[in-house]
Amino acid sequence: MKRVMFPIIIAALATPLTAQWLKYPTPGTPRNADGKPSLAAPAPRTADGKPDLSGIWQRSSLKYERNVAADLKPGEIQPWAESLVRQRAEDLQKDSPGIQCLPWGPADNTSARRSKIIQNPGVIVMLNEDLTYRQIFLDGRRLETDPFPSWMGHSVGRWEGDTLVVDSNGFNDRSWLDHDGHPHSEALRITERYRRVDFGHMNIEVTLNDPQVYAHPWTVSLRAELTPDGDLLESVCNESHTSLEHWVGKLSDEKSVEVKVSPEILAKYVGTYEEQDFWGNRPHPAMIEITVSDGALFAELKGREKLRLAAQSDTNFAGFYGLGIQFVTDARGTVTHLLERRISKDYRFRRVR
């Protein structure tokens with residue numbers, strides 16, 4: 001059975017591994033004695049004294065990028081919405097706007113994506129590698145009470161001290177809030193707070209409020225790291241969008257072909273594994289923790305929930321966010337690393353403990 005899931009599609013089609021003008025020095029960047037950018041230097045300011053958010057920023061939030069509702073309790077999401085999330089998981093998220101080559105919409109606000117901020121006194125523009133963009137107007141206008149629904153919404157901003165506060169509405173209800181497929185209505189309103197703490201780091205808080213779907217507003221936190229000495233490289237989904245022909249099967253199919261693996265073999269895999277082949281634009285290596293409980297293997301990508309893996313053989317397992325995991329041993333039978341199986345290539349995680 002051929003099957004491709006959301007993270008695999010992203011690796012194969014939508015995420016460039018390098019940026020244009022990769023080594024071109026960004027003007028105005030403070031540098032250490034070795035010539036490398038000093039990300040801990042003070043945050044720059046514009047001529048009018050406001051913090052300057054300009055630059056290319058890589059957002060990260062392992063806890064929320066897949067499930068923005070991770071902090072909500074049972075009953076705080078409308079039953080029909082919870083059912084829809086489960087159905088989208090069973091269908092391997094194949095109807096996700098990103099997979100369908102449509103704009104990410106509000107999911108972009110909390111995703112681990114790279115964007116370029118261009119700041120002017122009256123407007124801030126955010127450019128994405130998939131050619132979508134946002135305009136945040138700082139000219140004093142208010143959000144419209146009955147806006148035309150759009151994929152990326154409508155945004156206005158203001159400064160509260162050194163924090164940029166952005167209010168957005170006008171999202172159409174065709175987009176998702178995250179990878180897992182949490183829905184929203186056209187009543188969705190989002191408030192973001194951006195604070196550049198030094199030259200290379202920014203804290204972001206995103207508050208989502210949709211009373212038609214969720215019991216109360218909630219806030220998620222992200223961090224962003226500046227990626228100087230480079231630029232965006234466009235990523236056009238439709239240029240090579242052929243993988244949907246392989247998108248067959250259901251999530252539950254993994255359980256139907258699960259095999260039994262002895263406790264002795266499972267115990268050999270327990271440990272911590274560090275990413276060696278960086279995928280996408282992550283500035284730091286990911287870590288996977290492997291544990292055993294009740295005769296089953298579990299994998300936890302640091303910062304997220306534990307996932308039960310379904311054994312397909314003694315060394316191959318499914319169920320890791322739609323990806324496969326294969327454990328590799330040396331000639332003595334010692335587990336040295338694992339492979340995160342993607343359609344684009346296998347990504348190696350070295351065992352460190």
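Read-outs: derived from the displayed coordinates by stated rules, not from any lab. These numbers were taken from a predicted model, which means no experiment stands behind them. In this analysis, Cβ positions are derived from the backbone assuming ideal geometry, glycine residues included, and neighbour counts consider all displayed protein chains.
Side notes on the structure shown:
- Each peptide in 328-341, 101-114 was scored by the mean count of other Cβ atoms within 10 Å over its residues; highest first, the order is 101-114, 328-341.
- Expressed as a fraction of 2.2 N^0.38 Å, the C-alpha radius of gyration for region 110-241 is 1.09.
- Other residues within the sphere of radius under 14 Å centred on the Cβ of GLY35, judged by their own Cβ, net out at +1 (K and R +1, D and E -1).
- Packing-based ranking, highest mean first, of 31-39, 202-210, 83-91 given that Cβ atoms within 10 Å are counted: 202-210, 83-91, 31-39
- Magnitude of the charge dipole for the chain, about its Cα centre and with charges confined to Cβ atoms of Lys, Arg (+1) and Asp, Glu (-1), is about 760 debye.
- Other residues with beta-carbon under 15 Å from the beta-carbon of LYS260 carry, at +1 per Lys or Arg and -1 per Asp or Glu, a net charge of -3.
- Mean shadow area of region 132-200, taken as a quarter of the surface of its Cα convex hull (nm²): 6.0 nm²
- Note on region 161-217: Rg/Rh from C-alpha atoms, Kirkwood Rh, equals 1.06.
- When the convex hull of its Cα atoms is viewed from all sides, the chain shows a mean projected area of 20.1 nm².
- Maximal additional length on extending the THR145-ALA267 stretch stands at 38.1 nm, based on 0.36 nm per residue less the C-alpha distance.
- Estimated [θ] at 222 nm from DSSP helical runs (n ≥ 4, -39500 (n - 2.57)) normalised by residues in the chain, nearest 500: -2000 deg cm²/dmol
- Measuring nothing but how far apart in sequence close Cα pairs (under 8 Å, 6+ apart) lie, relative to its length, the chain scores a relative contact order of 21 percent.
- Rg(Cα) / (2.2 N^0.38 Å) computed for region 170-255, rounded to two decimals: 1.51
- Region 253-351: relative contact order in percent, alpha carbon pairs under 8 Å with at least 6 residues between: 25 percent
- Protection proxy ranking, peptides 180-189, 70-79, average beta carbon neighbours within 10 Å, highest first: 180-189, 70-79
- Charge context of ASN169, other residues only, Cβ under 12 angstrom, K/R +1, D/E -1: -3
- For GLY324, the amide hydrogen comes within under 5 Å of the amide hydrogens of ARG341, counting only partners 5 or more places away or on other chains and with H modelled in the peptide plane.
- Counting Cα-Cα pairs of region 253-351 in 10 Å increments starting at 0 gives whole-percent bin shares of 15, 53, 28, 4.
- Placing unit charges on each Cβ (+1 for Lys and Arg, -1 for Asp and Glu) gives region 6-237 a dipole about its Cα centre, and among THR191, GLY98, PRO121 the Cα reaching farthest toward its positive end belongs to PRO121.
- In degrees, nearest ten, helix 79-90 long axis to first principal axis of the chain (Cα): 60 degrees
- All C-alpha pair distances within region 47-133, sorted into 5 Å bins from zero, spread as 3, 11, 16, 19, 18, 12, 9, 7, 4, 1, 0 percent across the bins.
- A Förster radius of 25 Å, combined with the Cβ-Cβ distance separating GLU289 from LEU233, puts the computed FRET efficiency at roughly 0.15.
- With a simple spin-label model that places each label point 7 Å from the Cα along the Cα-to-Cβ direction, the separation between ASP48 and ASP314 comes to 6.9 nm.
- Dipole of region 253-351, positive direction: furthest Cα of PHE320, THR336, TYR269, with charges on the beta-carbon: THR336
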